[in-house]
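The structure under discussion appears below in the form of structure tokens.
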Amino acid sequence: MKRTTAGVLLAVLTLSLTACSEEKQPAGSDVIQTSAAETGSATASVAPEADVAADVQVMKCESTSYTPKVTIEVTNSTGEDARYAVTIAIKDGEGKASGEALFAKNRMTPGQKVTEEIPGDTPVKGKISCEVARAKRLPPK
């Protein structure tokens, strides 16, 4: 019984923490770099937050008959392997938030460029625009 209760409590805690981390924030308010120094290694240096967003370029942003398609290029500008998580904000012709497109790469070597087409999560008709909403660089998995 104690193991079951502990397991349920752990699951509830995990879900609670996950739910708290999912709240929407304005574009550009969550550009974060987590370096190895912040996760326990003393060898890495912390670069400016803008450096992470500079690693991401929106190459193409188009509306299709179903969901938007966003092509981005991500470049690891550091001297170490890194993991990237990027959220692209998709806005309609009036500039209103209309969806997101997500990119994740578990390991990118120094200088590596990845170009990827990612789908938006919500259908949007008409003209759209795309911008980097959040970009995170983390230690590789």
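The values are calculated or read from the model by the stated rules, or taken from the named source; none is laboratory data. For clarity, every value in this text was computed on a predicted model and none was experimentally measured. So basically every Cβ, Gly included, is an ideal-geometry build from the backbone, and we count neighbours across all protein chains shown.
Some values worked out for this structure:
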| quantity | calculated |
| --- | --- |
| Leading residue by the ranking (nearest to residue 89 (Cα to Cα)) among those in the range 105-127 that are at pLDDT 95 or above and of a type in the set (A, V, I, L, M, F, W, C) | 118 |
| Single unsatisfied condition, residue 70 versus (1) within 13 Å of the chain's Cα centre (by Cα); (2) in contact (Cβ under 8 Å) with a residue 60 or more places away in the chain; (3) over 15 Å from residue 137 (Cβ atoms) | (1) |
| Test: residue 105 is over 13 Å from residue 134 (Cβ atoms) and surrounded by fewer than 14 Cβ atoms within 10 Å (Cβ to Cβ) | no |
| Whichever residue in the range 75-102 is part of a loop (DSSP other than H, G, I, E, B) and of a type in the set (S, T, N, Q) and, among such residues, is surrounded by the most Cβ atoms within 10 Å (Cβ to Cβ) | 76 |
| Output for the range 52-61, where each listed residue is in contact (Cβ under 8 Å) with a residue 60 or more places away in the chain and not in a strand (DSSP E or B) | 52, 53, 55 |
| Among (1) modelled with pLDDT under 95; (2) in contact with a strand residue (DSSP E or B) (Cβ under 8 Å, 6 or more places away or on another chain); (3) of a type outside the set (Val, Ile, Thr) - the single one residue 50 does not satisfy | (2) |
| Single unsatisfied condition, residue 64 versus (1) in contact (Cβ under 8 Å) with a residue 40 or more places away in the chain; (2) of a type outside the set (Asp, Glu); (3) not in a strand (DSSP E or B) | (1) |
| Count - residues of the range 108-135 that are buried (at least 17 other Cβ atoms within 10 Å of the Cβ) and either within 19 Å of residue 64 (Cα to Cα) or touching a residue at least 60 places away in the same chain (Cβ under 8 Å) (or both) | 9 |
